[in-house]
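Data first, discussion second: the structure below is written as structure tokens.
The values are calculated or read from the model by the stated rules, or taken from the named source; none is laboratory data. A quick note: this is a predicted structure, and the numbers were derived from the prediction, not measured. Reconstructed Cβ throughout: ideal geometry from the backbone, glycine too, with neighbour counts over all protein chains shown. Each accessible area value is taken on the protein alone, full model and side chains, heavy atoms only, with ligands, DNA and RNA left out. Shrake-Rupley method; radii C 1.70, N 1.55, O 1.52, S 1.80 Å.
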Amino acid sequence: MEKASHHEQGHCNTAVALDLNGDRNLDVIASFNGKVSLLLAPDWKTEVVLHQFKGGKGQCIHSTLIDVDQDGDLDWAGSLSNDHPFWLENPGQSEILKGAWTPRLIDSVITGIHCLTTADINNDGKEDLVINNFEPSRGLSDSMAWFSAPSNPLSATHWNRHVFAAGDARGGSHYMGVGDMDGDGWMEIAVGAKGTPFANGNWFAFWKNPGEEKTTTPWKKTMLAENQLGATNILPADVNGDGKTDWLASRGHGVGLIWFENPDWKMHDIDEEILSPHSLTVADHDQDGDIDASSCGYESEWLRWYENDGSGNFKIHTLDDAQQSYDLKSIDMDGDGDLDLLNAGRGSQNVVWYENLLR
């Protein structure tokens, strides 16, 4: 892969890509310098401010795309780390360049957010949002919840809140992953807890989706590993090709990438050197039929992709040694059929994409 294009801006923790104007080029929505901005392809130099935070300060810690109002286009959801989650309504192709999108609150209680991710948790055919509350003294302290959009999302004052980890996500829970671990058709939710400055952290765990009994709370928690200093990201993937979904994880406030083998959750090392790999993505980057991984360490400043041999053994490739990241996504930025990497540059203060040249 090679660095293809970048947009110099301020401190940026999150970026997503989608074709907003129908020109088949992927635009980028990123949060930096006290705002949420649309950067228009193909050169991403034209900036349209979609939302301005009060006082012009701060930036979202994380964001995601979801069709909230079921109108066929993707809306945007995000949050400042010390505030409540909200979503911005996509006004459609004819209106996207006219300025601010309408903001609406998702929930007025959950606070101290470090991740929003989408998944169909209740199997109703609509995507929901999974959101954490990692601070012990605010909001839903030490809990996580999934939120289903209300039937009238344009007028509702809040979404439907379902707390599945009720107070047992203590320790600074971070970036969630969602996947069906037991093959029953219902998706479990996992997270890493970073620890310092929060007590009782440094672990990876997942919660079993009770399926038809989904109204029962809390869900059953399974601890994957303790004493994992700086535990952060965790994502589902069949790492060794045995048909079972494993977990692939990073110690984003510590050192290294690992994976947990289903069903006994034996831990395997992927990278024992990378410092603070606070972003993580899993995808078949080289199109050989198995799942690879990519991460960027904000201390080591390495952006790496990890080539899977199909059995869970990984070869390390360093793409950049001067890049930081809180958010990294696998997405086909140039429409050529393979997955590139989109990186939100955090301390490197940019948004960068890396072109996949592996074919």
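What to note about this one:
- For region 253-299, a crude dipole built from +1 on the beta carbon of Lys and Arg and -1 on the beta carbon of Asp and Glu, taken about the Cα centre, is about 240 debye to the nearest 20.
- Net charge of neighbours whose Cβ lies under 9 Å from the Cβ of G201, counting Lys and Arg as +1 and Asp and Glu as -1: +2
- Cα-centre dipole for region 123-169 with unit charges at Cβ (Lys and Arg positive, Asp and Glu negative), debye to 20: 160
- At 1.567 mPa s and 4 °C, Stokes diffusion of the chain via Kirkwood alpha-carbon radius, µm² per second: 64
- Label zone at S108, where the point sits 7 Å out along the Cα-to-Cβ direction: region 163-198 residues whose backbone N lies under 19 Å: 163
- Per-q log10 I(q)/I(0), region 223-273, q = 0.26 Å⁻¹ (Debye; single scatterer per alpha-carbon; no solvent): -1.00
- Only Lys, Arg, Asp and Glu carry charge here, each on its Cβ (+1 for the first two, -1 for the last two); on that basis region 224-359 has a dipole of about 480 debye about its Cα centre.
- Listed residue (A30, W259, P218) projecting farthest to the positive dipole end of the chain, Cβ model: P218
- Residue-wise HN-Hα couplings along region 64-76, as the Karplus relation 6.51 cos²θ - 1.76 cosθ + 1.60 with θ = phi - 60° gives them from phi, are 7, 10, 7, 7, 5, 8, 6, 9, x, 10, 8, 8, 10 Hz; Gly and Pro carry x.
- Structural descriptor for region 314-355: relative contact order 33 percent, calculated from alpha carbon pairs under 8 angstrom and at least 6 residues apart.
- Solvent-accessible area assigned to carbon and sulfur over the chain amounts to 44 percent, based on a 1.4 Å probe.
- Area of R138 that stays accessible when all protein chains are in place (1.4 Å probe, Å², to 10): 90
- For the chain: accessible area per residue (Å², 1.4 Å): 39
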